[in-house]
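The values are calculated or read from the model by the stated rules, or taken from the named source; none is laboratory data. Keep in mind the model is a prediction, meaning the values are calculated, not measured. No Cβ is skipped: glycine too gets one built from the backbone with ideal geometry, and neighbour counts run over all protein chains shown.
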Amino acid sequence: MNRFFGGPVLPTLFKLAIASIAVGVVLALFGIKPIDLWRDFIETIARIWEMGFEAIDWSLQYLLLGAVVVIPIFIAVRIWNVLLTRGRD
């Protein structure tokens, strides 16, 4: 357990408590409340999640649009190559 905390457990927990109080005082001076931090954090995660799905939707639309042109050309070229190689043999 000492390895995880980087030293003895109780002094480390005491240091963490003092640091938390100091940071809490500074944040309170700026009018920041803990619930606001959590709410903003959760909203940020939700926005990132939505942006990810929007990017997938965007890329799938362009994939399908391009496939409508590329796949028939690919098939035509492959058929053409097969016919040319059969003609040589």
Matching option when the condition is surrounded by fewer than 10 Cβ atoms within 10 Å (Cβ to Cβ) and on the phi < 0 side of the Ramachandran plot, among Arg86, Arg78: Arg86
Residue in segment 10-31 that is part of a helix (DSSP H, G or I) and within 27 Å of the chain's Cα centre (by Cα) present: no
All positions within segment 38-89 that are hydrophobic (A, V, I, L, M, F, W, C) and closer than 30 Å to Leu27 by Cβ: Trp38, Phe41, Ile42, Ile45, Ala46, Ile48, Trp49, Met51
Residue in segment 17-35 that is surrounded by 10 or more Cβ atoms within 10 Å (Cβ to Cβ) and either in contact with a Ser or Thr (Cβ under 9 Å, 6 or more places away or on another chain) or among the aromatic types (Phe, Trp, Tyr) (or both) present: no
Residue identified as at pLDDT 90 or above and in contact with a helix residue (DSSP H, G or I) (Cβ under 8 Å, 6 or more places away or on another chain) among Leu29, Leu13, Leu65, Leu60: Leu13
